[in-house]
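One structure is given below, encoded as structure tokens.
The values are calculated or read from the model by the stated rules, or taken from the named source; none is laboratory data. Quick caveat, the model's predicted, so the values are computed rather than measured. As a convention, Cβ positions derive from the backbone with ideal geometry for all residues, glycine included, and neighbour counts pool all protein chains shown. Surface areas here come from the heavy atoms of the whole protein model, side chains and all, with no ligands, DNA or RNA. Shrake-Rupley method; radii C 1.70, N 1.55, O 1.52, S 1.80 Å.
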Amino acid sequence: MQSSYLFVEAALIGLAIAAPVGPVGLLCIERTLRQGAATGFVTGLGAATADAIYAAIGAAGLGTLIALLTRLATPLALAGCVLLLYLGIATLRRDAASHAARAASVHSLPRAYSSALALTLTNPMTILSFIAIFAGLAGARTPSLADSVLMVVGVFAGSALWWLLLAYGGGRLLSRLGARGQLLVDKACGVLLIGFALLLAWRTLAGWH
């Protein structure tokens, strides 16, 4: 029973981390509109995988790796800004014809997954959040290997659930906007992605001493 509670708590944490609208959420929406719900969901799975990787590092308490990623926080964040900027500009440059083509294919799914994975991995400070979260879940005791695995799987499951709901539920609602409305949402996502890139770059450079 305790294991069930631990899994549910970790899943809720994964859901809460994924739910706020951010760059990956915008990518999920944009790709759902342009290429279909499957591509949007796979985009979210890339982010969920990155969350699970950082959750595993946090659960294992790998001090050397955590310290290394903390030192690399600034260059990784800037790399994420460049990727965001590229994705935003690419979105804005698509015309109505390419949007209507819905060029989803089996070959586009790995690209959708890997880009979201890379984008989420450029935020290594997430590890520190997971260390604090897992410390709270474990309480005073050191979590066993089984508990750590359960927490990581729970985080991934909760995050994946959000992306499933966003891609298939939100995508169905947005599909009612019609071709012109979908294109406007697509362009808005591009503008917001560029805005996120510039904001994150400013915050990163402002804190870089």
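Observations on the structure shown:
- When each of the peptides 42-49, 162-169 is scored by how many other beta carbons lie within 10 Å of its residues on average, the order from highest to lowest is 42-49, 162-169.
- For CYS189, solvent-accessible area (1.4 Å; no DNA, RNA or ligand), Å²: 10 Å²
- ARG203, ARG180, reordered so the largest accessible area comes first (probe 1.4 Å): ARG180, ARG203
- Site pair LEU184 and LEU92 shows an inter-label distance of 1.9 nm when each label is modelled 7 Å from Cα along Cα→Cβ.
- Computed with every protein chain present, the accessible area of GLU9 is close to 90 Å² [probe 1.4 Å].
- Net lengthening on full extension, THR70/ALA19 (0.36 nm per residue, minus Cα-Cα): 15.9 nm
- Of the residues PHE156, PHE41, ranked by 1.4 Å probe accessible area with the largest first, the sequence reads PHE156, PHE41.
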